[in-house]
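Please treat every number below as a calculation from the coordinates, not as lab data. Predicted model only: the values in this text are computed from it and were never measured. Quick reminder, even Gly has a Cβ in these numbers, built from the backbone with ideal geometry, and neighbours come from all protein chains shown.
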Ligand code: ADP
Ligand code: MG
Ligand code: ZN
């Protein structure tokens with residue numbers, strides 16, 4: 001059977017081999033077992049049910065959540081010479097009737113249906129007349145309230161299956177691998193002793209980058225302008241931000257489109273089509289954009305904001321490079337993003353239990369944004385994929401030879417000082433108070449009586465001011481407009497003061513200084529080499545200190 005499947009893969013799709021998980025899933029389905037296939041976005045789930053559909057005697061019914069998704073698939077199958085059709089709400093009664101007759105007469109291999117159809121008794125009645133060999137449930141996480149795209153009509157699938165005269169093989173597919181979702185899919189779809197196949201989550205062609213402290217708008221403008229011929233997606237957290245980024249790029253003459261839930265259905269499908277057919281290069285969108293798109297040549301995905309959790313992040317980032325060619329995934333992190341996501345959770349109608357679960361997932365996302373670990377390894381670890389522990393060598397962590405240092409204590413001192421100074425002063429005055437400076441202004445306001453006066457006296461005022469600037473760039477602090485900007489605490493700073501959030505900074509590894517003393521340069525260099533070898537990353541440079549240079553020139 002499997003060799004036959006391989007032949008079909010070559011014959012219809014032109015691919016010479018299955019990807020690892022595909023083979024296992026197809027083998028399980030062909031053996032007549034219910035199967036749950038978990039693969040990352042772009043992993044190739046469609047082929048896992050399309051190839052068995054060609055081998056089965058009867059019809060394969062595919063439950064798919066979006067009309068656009070069905071349309072794309074049916075068109076693609078048609079182009080490959082595989083007879084397929086879909087039944088959805090855009091069809092007239094006559095068209096539905098004709099499609100069902102085609103299915104009855106064995107003229108179709110695959111029939112795509114929206115889950116809502118399965119609720120209709122009339123439809124169930126008609127399907128009972130058909131010889132359904134397999135039901136494939138695409139985007140199966142939609143059945144779970146724990147998933148990120150819960151669709152109540154997915155719960156109609158199990159009763160529908162029970163209503164059939166002969167139970168077909170059921171195969172479910174998703175990119176979401178969390179235990180709750182897995183459990184729900186198997187339970188709510190009433191899979192019978194399913195074979196669960198989880199394939200590797202590694203996407204070796206993706207370059208993952210997390211950038212903190214960037215000016216997001218400037219970065220996006222530069223990036224998009226440097227990649228004008230490549231299709232890309234920019235995800236933003238809110239409609240408002242989508243509109244802003246869209247306008248910004250449009251004014252720069254970029255062929256840009258937008259997509260969010262505030263637009264009409266027609267506007268959205270027009271934007272999606274334009275992107276699919278390369279009439280626009282860049283799509284700026286909320287997370288409403290995605291599940292339905294299957295554009296294989298997206299070269300980059302930029303997250304203007306941190307997404308709500310790792311599942312959402314990897315699914316969205318994974319839309320780059322589905323064709324296996326390189327894709328760049330860039331997340332522009334700002335501390336404000338944490339508050340936005342918290343706000344969304346707080347505002348949601350979720351039960352307290354669900355809310356606390358969402359908070360936990362958000363925390364994993366935040367941790368990921370701060371991890372000094374290889375990002376690819378961190379993702380694989382999160383998804384419980386034990387392989388691929390090797391650092392990728394291409395992500396922003398692997399390429400970064402800086403160290404992450406915890407600056408929470410310093411940040412707390414700074415925030416508390418600003419608070420006590422009633423947020424009415426600029427960076428240099430705040431730095432002066434923390435340093436314990438006796439400048440006239442400081443004494444005049446009697447800031448020398450504050451408990452935070454001089455608490456950072458071991459650092460220079462310049463160092464303190466630099467730290468404050470870092471905290472501004474990271475969004476913990478804001479600067480007022482005007483000639484003499486004053487530093488204000490942002491909400492993120494309060495979380496830090498309450499000890500609920502830690503603050504990290506990336507700093508260059510201190511260059512090692514060598515000085516030539518009586519024991520000679522070679523002995524020093526030998527020790528230096530030893531020390532370099534003991535560090536996990538060797539700095540690319542060795543800096544000679546001033547005194548060394550002086551000594552060297554004297555010799
Ligand atoms: P998913 O539904 O898992 O996100 P798709 O089924 O849309 O992924 O497949 C993603 C891409 O991978 C498609 O362009 C598909 O043609 C391609 N693909 C799938 N299987 C193979 C294979 N065995 N060899 C090469 N390309 C494949
Ligand atoms: Mg898919
Ligand atoms: Zn890496």
Quiz item: Counting pairs of Cα atoms in segment 41-112, how many percent are more than 19 Å apart?
Solution: 30
Quiz item: Which order do 122, 146 fall in if you start with the one that has the fewest other Cβ atoms within 10 Å?
Solution: 122, 146
Quiz item: In 10 Å bins starting at 0, how do the alpha-carbon pair distances of segment 1-90 split up by percent?
Solution: 15, 50, 32, 3
Practice problem: Return one quarter of the surface area of the convex hull spanned by the alpha-carbon atoms of segment 377-511, equal to its mean projected area, in nm². | Solution: 10.9
Self-check item: segment 228-287: relative contact order in percent, alpha carbon pairs under 8 Å with at least 6 residues between
Solution: 52
Quiz item: How much space per residue, in cubic angstrom, does the convex hull of the C-alpha atoms of segment 112-236 take up?
Solution: 177
Practice problem: Can you pull the one-decimal nm distance between simple spin-label points at residue 460 and residue 215, each 7 Å off the Cα toward Cβ? | Solution: 2.6
Quiz item: How large is Rg/Rh for segment 429-500, to two decimals, with Cα atoms and a Kirkwood Rh?
Solution: 0.98
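For residue 420 and residue 381 in the same chain, what is the full-extension length gain: residue separation times 0.36 nm, less their Cα-Cα distance, in nm?
9.8 nm is the gain from fully extending residue 420 to residue 381.
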Exercise. Using the 2.2 N^0.38 Å rule of thumb for compact globular proteins, work out how segment 207-345 stacks up: its C-alpha Rg over that value, please.
Key: 0.95
Practice problem: Could you pull the Cα extents of segment 40-180 along its three principal axes, largest to smallest, in whole Å? | Solution: 41, 33, 29
Exercise. For segment 263-346, evaluate the Debye formula with one uniform point scatterer on each Cα (no solvent term) and list log10 I(q)/I(0) at q = 0.11, 0.15, 0.21, 0.26 Å⁻¹, rounded to two decimals.
Key: -0.33, -0.60, -1.06, -1.33
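How big is the Rg/Rh ratio for segment 355-413, C-alpha atoms only, Rh by Kirkwood, two decimals?
Using only Cα positions, Rg/Rh for segment 355-413 is 1.06.
Nearest 0.05, what FRET efficiency do residue 251 and residue 107 give at R0 = 41 Å with Cβ-Cβ as r?
The calculated FRET efficiency here is 0.20.
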Quiz item: Rg(Cα) of segment 214-262 divided by 2.2 N^0.38 Å?
Solution: 1.08
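Given N residues in segment 108-176, what is its alpha carbon radius of gyration divided by 2.2 N^0.38 Å? Intermediate results must be reported in sequence, preceding the final value.
On the way: Rg = 12.1 Å, N = 69, 2.2 N^0.38 = 11.0 Å.
Cα Rg divided by the expected 2.2 N^0.38 Å: 1.10.
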Practice problem: For the chain, list log₁₀ I(q)/I(0) at each q in 0.05, 0.07, 0.11 Å⁻¹, using the Debye formula over Cα point scatterers of equal strength and ignoring solvent, two decimals each. | Solution: -0.29, -0.53, -1.06
Quiz item: What does the helix-only formula give at 222 nm for the chain: each DSSP H stretch with n ≥ 4 adding -39500 (n - 2.57), the total divided by the residues, and the result rounded to the nearest 500 deg cm²/dmol?
Solution: -12500 deg cm²/dmol
Practice problem: Please report, in whole Å, how far the alpha carbons of segment 112-152 spread along each principal axis, starting with the longest. | Solution: 35, 20, 13
Practice problem: With viscosity set to 0.890 mPa s and temperature to 25 °C, compute the Stokes-Einstein D of segment 241-291, Rh being the Kirkwood radius across alpha carbon pairs; µm²/s, no decimals. | Solution: 226
Exercise. Return a whole-number percent for the relative contact order of segment 96-165, with Cα pairs under 8 Å and 6 or more residues apart as the contact set.
Key: 32
